[in-house]
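Before any comments, here is the structure.
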Amino acid sequence: MLTIHNLHARIAGKEILKGLSLEVKPGEVHAIMGPNGAGKSTLGNVLAGRPGYEVTQGSVLFDGKNLLELEPEARAAAGLFLAFQYPVEIPGVNNTYFLRAALNAQRKARGEQELDSMQFLKLVREKVKEMGMTPELLNRAVNEGFSGGEKKRNEVFQMALLEPRLAVLDETDSGLDIDALKRVAAGVNSLRSPQRAFLVITHYQRLLDYIVPDFVHVLADGRIVESGDAQLARELEAHGYAWVRERTPVEASA
Amino acid sequence: MTAALPFVQSMHAAALQRRLPGSGLAWLDAARTDALQAFADRGLPDQRNELWKYTSLRALAQRAFAANDAAAASRAGAAALLPVPARQGSRAVFVNGAFRADLSSLDALPEGVAVQSLAAALRDAPEPLRFLLDKRVDDDDDGFTLLNRALAADGLILKVAAGAEVGEPLHIVHVGLAAEAAAAFHLRSLVELGKGARLRIVEHHVGEPQTGHLTNIVRDIGVHANAHLDWTVVQQAGADATLLRRSKVRLHDDAALDLHALELGGKLVRHEIRAELAGARSRFNSRGAFVLHGRQHADMEVLVAHRGRDSFSNAVWRGVADNRARGVVHGRILVQPGADGADGSFYNKNLLLSPDAEIDTRPALEIYADEVKANHGATVGQLDEKVLFYLRSRGIPLETARRILVRAFCSVALDGMDPAPLREHCEALLAEQLPEVSA
């Protein structure tokens, strides 16, 4: 589904990703872990197409298409979703309006019938119920006045509604207390399916107790230096990132 | 020399050519002559005038305007331009500066509401208007108020008796239609709400695209004790129109004015609002937005003077300029001696959608009383790239994302606007205005 090959990217002239390669298949959950500054969030932003991130080398194929040449909105329509580390507040833009505009724009881009307001309301109310959100959310402005936890839950709610094929969760656990973390994880788990893949970017192992990944990758200095299964995350928790650095083969860190 | 300017020449020619309503009344003739003389001395306001600092009239000064549109009383086509909310309900319609009884509908107004055109009032009973029209020239007058005094041929005289409550809004519609030549219309209006009265006014400006007329409106609005005026301005003047307005508002004890303004049309548009919070606990809320394209120019002057104790004013204005448009927002809060406990605020945010657009905003506070709360803030910025990316990452195309954000930016000006159909009408107008937002 997603094939990243030798990806190099920089922002403001500074190289952050230095030859990252990764293969994600449908149904898989991959965790990307790593110390601060390793390039975790850069990976999420490059995949989603945030302006300012410049890819200098390498390729990203998404369902066989060259992802890097698509506009951000086209990536979304193709089935990519980024759950933001810092979701933005949009005063004056009502959540229902925003969600319908997003869903219909994606449907239109895919050549599907747009939903009328009745169809959309029915769908969005179902999703609110499924994800355990309060219905008042729909009448509020996007993320305006939301707590950190509410914003992260709203990201997962948007994901549930937009039904992406590949979801990238950028530090969705950061700033959450344990209850909020469990709710966010339950939301993500309810969306796991054989057709859908996840890239879970996190600094801490804690989230992975609740969203159990199939693969764990350690990102350090712009590339993946270690890959394993869920056990790798627990070892990292026990030993810290320094442990990976020591285990890294000399040629990889050169 | 100013005397040589085509604009000035055409105004003097108009004064000679046209027999105005009420002419022959000695006091009125004298007032008009004095005003014209004062205009000859002062000329058009220039940019040294603090209130005209960012609005240049150099191009206007080179234009000549016909004295009036002689065919205004019979011009067809106005009905088709009437805005949707005004097609039902009570309305006073002016076409090319002249009141049109045939297009107006004033029969359903409740007891206690008296509406008359200025022309009719001057014909039937001019004396009660003497206080309004027989004024000495003073320092606050500028070239346009003087021209208005010299040349006003029509307007609206609206009085609401004490205690009268008007539930349904009264629509005042100014329609601009193409004529043989671009003409200047000077309108003088009066709105008086007696004690405890309530009234809603919706003022519309609509017009054909290429008319080139100048409309110069001066009005006095008096809101007496405990009365409440709700006033909405929906300005979609024709693309070639020049629209200049000065509204002088006086609020007495516990009186309130709520103003909503949506300024979308016209070529050169100005509204100078002078609100005097004369009474104790009087209140003035204003919310407004302009959205400008092409080479449109809009100048909003919101000048608030607190005189009464514990008087309250709050202004929230938004400006959007695209292409080579130019916006001006000037918010002034003056707290006079004795207005202790006054609370005034003025907030203005602006959005530039093009590197060639410009918006000048000036908030100003002057305080001469005690225990006063006063706040102001003004910004000029661009659309937030982070927010744009957030919308795009959800699949919303860039152009749509920009429109959504500009609309949201302006929507604060519609907050509190009612009734609901009026608000929906304004939201639709805003949405219509925005597809033109450039990349």
* Structure fact -> Scanning the stretch A:184-199 for residues that are modelled with pLDDT under 95 and surrounded by 20 or more Cβ atoms within 10 Å (Cβ to Cβ), the one nearest to A:E130 (Cα to Cα) turns out to be A:G187
* Restricting attention to the stretch A:116-167, and to residues there that are of a type in the set (V, I, T) and in contact (Cβ under 8 Å) with a residue 12 or more places away in the chain, which single residue is surrounded by the fewest Cβ atoms within 10 Å (Cβ to Cβ)? -> A:V128
* Asked: Any residue in the stretch B:118-125 that is in contact with a helix residue (DSSP H, G or I) (Cβ under 9 Å, 6 or more places away or on another chain), surrounded by 24 or more Cβ atoms within 10 Å (Cβ to Cβ) and at positive phi?
  -> no
* To do: Identify all residues within the stretch B:22-42 that are of a type outside the set (A, V, I, L, M, F, W, C) and surrounded by 19 or more Cβ atoms within 10 Å (Cβ to Cβ); write none if there are none.
  => B:G22, B:R32
* Examine the stretch B:276-294 for a residue that is among the β-branched types (V, I, T), more than 20 Å from B:K349 (Cα to Cα), touching a residue at least 40 places away in the same chain (Cβ under 8 Å) and surrounded by 21 or more Cβ atoms within 10 Å (Cβ to Cβ), and state whether such a residue exists. => no
* Asked: Are any residues in the stretch B:237-283 of a type in the set (K, R) and closer than 25 Å to B:H174 by Cα, and if so, which ones?
  -> B:R245, B:R246, B:K248, B:R250, B:K267, B:R270, B:R274
* Go through the residues of the stretch A:97-111 one by one and say whether even a single one is touching a residue at least 60 places away in the same chain (Cβ under 8 Å), more than 9 Å from chain B (Cβ to nearest Cβ) and assigned to a helix (DSSP H, G or I). => no
* Specify which of the listed residues (B:E427, B:E366, B:E371) is closer than 24 Å to A:L103 by Cα, out of contact with any Phe, Trp or Tyr (no Cβ under 6 Å at 6 or more places or on another chain) and more than 9 Å from chain A (Cβ to nearest Cβ). => B:E427
* Counting only residues that are out of contact with any strand residue (DSSP E or B) (no Cβ under 8 Å at 6 or more places or on another chain) and more than 8 Å from every other protein chain (Cβ to nearest Cβ), which one in the stretch A:81-96 is farthest from A:A48 (Cα to Cα)? -> A:T96
* What are the pairs, 6+ residues apart or on separate chains, where a residue within the stretch B:106-134 that is assigned by TED's automatic domain parsing to the domain that holds B:A227 and free of Cβ contacts under 8 Å to residues at least 60 places away in the same chain has its Cβ under 8 Å from a residue that is buried (at least 16 other Cβ atoms within 10 Å of the Cβ) and part of a helix (DSSP H, G or I)? -> B:A121/B:L129; B:P128/B:A121
* Asked: Of all residues in the stretch B:306-360, which are closer than 17 Å to B:D253 by Cα and either surrounded by 23 or more Cβ atoms within 10 Å (Cβ to Cβ) or of a type in the set (S, T, Y) (or both)?
  -> B:H306, B:G308, B:S311, B:S313, B:V335, B:A339, B:A342, B:G344
* Asked: With respect to B:V173, is the statement that it is β-branched (V, I, T), within 24 Å of B:G294 (Cβ to Cβ) and either surrounded by fewer than 22 Cβ atoms within 10 Å (Cβ to Cβ) or outside the structural domain of B:R326 (by TED's automatic domain parsing) (or both) true?
  -> no
* So how many residues does the stretch B:303-324 have that are outside any loop (DSSP other than H, G, I, E, B) and either assigned by TED's automatic domain parsing to the domain that holds B:A256 or farther than 30 Å from B:A369 by Cα (or both)? -> 3
* Does the stretch B:132-148 contain any residue that is in contact with a Pro (Cβ under 9 Å, 6 or more places away or on another chain), in a helix (DSSP H, G or I) and aromatic (F, W, Y)? -> yes
* Structure fact -> Within the stretch B:379-417, of all residues that are within 7 Å of chain A (Cβ to nearest Cβ) and among the basic types (K, R), the one farthest from A:Q158 (Cα to Cα) is B:K386
* To do: Report yes if some residue within the stretch A:51-61 is at pLDDT 95 or above, more than 8 Å from chain B (Cβ to nearest Cβ) and either under 14 Å from the mean Cα position of the chain (by Cα) or assigned to a helix (DSSP H, G or I) (or both); otherwise report no.
  => no
* To do: Give the stretch B:61-83 a look and list any residue that's part of a helix (DSSP H, G or I) and in contact with a helix residue (DSSP H, G or I) (Cβ under 6 Å, 6 or more places away or on another chain), or say none.
  => B:A61
* Criterion violated by A:A78 - all others in (1) within 30 Å of A:K25 (Cβ to Cβ); (2) within 14 Å of chain B (Cβ to nearest Cβ); (3) at pLDDT below 95 satisfied -> (3)
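The values are calculated or read from the model by the stated rules, or taken from the named source; none is laboratory data. Just so you know, these numbers come straight off a predicted model, no measurement behind them. With ideal geometry, Cβ positions are generated from the backbone for all residues, glycine too; neighbour counts draw on all protein chains shown.
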